[in-house]
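Below is one structure, written out as structure tokens, with a few remarks after it.
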Amino acid sequence: MINKAAFVVFLLLALSAAALVAPVGVTESQEPANAGSRPRNLAVSSDGATVLTTSLGSDYVVQMRRNGSSWDRTTFFVGAGSWDVEILEIFGMEYAVVTLPGEDHIQVLFRSPGQNDFQLGWTIDVPYGCTTLLPGPAGDKFYVANRGLAPEPDAVNVDVEEWQHAVYEYSFPMGTLTRTFVTDREPRALALSPNGDLLLVSNIQGALGGAANDATTAGSGDLADHSVSFPAHDGGSIIAFKSGDGLPEFRIKVGSPVRGVVVHAVDADSYRLFSTPVG
């Protein structure tokens with residue numbers, strides 16, 4: 001029988017040793033592969049042989065393809081620092097969606113059946129400041145969080161976009177905006193309930209308040225104990241939205257920034273919600 005505690009400690013030590021060899025990279029066991037400057041997030045293909053990593057410190061997304069005991073490295077120029085990447089599969093095709101927080105679009109890569117490498121595809125228009133991605137259950141849509149950034153006005157961009165704290169739902173691959181979820185300040189982590197009825201959104205900077213965020217105006221009854229409208233700065237919350245209409249359902253007042261949310265199904269009617277509050 002494997003001692004689980006000892007195994008975890010060994011794994012952490014192995015990863016730490018590898019990090020000393022190559023501070024920047026993606027590590028499998030103790031074999032580092034260069035993932036670019038300030039790697040942020042990664043996605044693994046369904047065959048387990050390809051890893052895509054985003055890079056906040058460069059204009060490239062890095063692909064690493066397993067080749068025996070080493071990695072073949074390919075870069076894709078996306079023109080800005082990248083935050084998140086998710087791989088969607090539709091009818092055998094693989095698509096990688098990449099967010100670029102400093103740009104007003106996201107980048108799509110694609111790979112046909114039988115191909116080893118992804119290829120640079122098209123872009124989808126989105127507001128500035130988009131970060132975290134969440135694929136829809138069927139792969140025909142995705143959700144993306146917007147942390148409320150806008151470009152500085154200049155002679156060309158006189159009518160700059162107002163700050164928007166929201167999560168957007170887009171169809172895929174068409175890239176049509178289908179729904180907007182108005183959230184608290186700087187939405188970060190996204191998760192769906194097992195039946196897909198609720199979109200759970202964590203926030204970094206607390207409540208905005210206002211009628212648009214008030215569950216009692218959404219026809220969902222008296223939710224005084226879980227009010228989605230909370231004018232005071234509460235430090236961070238998790239808000240559940242109805243995925244079908246974008247209306248808020250209830251709030252979990254955490255009281256500190258929440259960076260991660262994971263849903264684990266217990267049975268057909270219940271699930272557990274795990275989160276990582278900071279501070």
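The values are calculated or read from the model by the stated rules, or taken from the named source; none is laboratory data. Given the structure is predicted, the values throughout are model-derived calculations rather than measurements. Cβ coordinates were reconstructed from backbone atoms using ideal geometry, including for glycine residues, and neighbour counts include every protein chain displayed.
Miscellaneous remarks
- Leading residue by the ranking (surrounded by the most Cβ atoms within 10 Å (Cβ to Cβ)) among those in the stretch 56-72 that are under 19 Å from Arg40 (Cα atoms) and of a type in the set (Gly, Ala, Ser): Ser58
- Filtered residues of the stretch 76-94 (kept if free of Cβ contacts under 8 Å to residues at least 60 places away in the same chain and either in a strand (DSSP E or B) or touching an Asp or Glu at 6+ places or on another chain (Cβ under 8 Å) (or both)): Phe76, Phe77, Val78, Gly79, Ala80, Gly81, Val85, Glu86, Ile87, Glu89, Met93, Glu94
- Given (1) surrounded by fewer than 14 Cβ atoms within 10 Å (Cβ to Cβ); (2) over 19 Å from the mean Cα position of the chain (by Cα), number of the condition Arg38 does not satisfy: (2)
- Any hit, the stretch 4-11, residues being part of a strand (DSSP E or B) and either crowded, with 19+ Cβ neighbours inside 10 Å or modelled with pLDDT under 90 (or both): no
- Matching residues, the stretch 100-124, being assigned to a loop (DSSP other than H, G, I, E, B) and over 19 Å from Ala80 (Cα atoms): Ser112, Pro113, Gly114, Gln115, Asn116, Asp117
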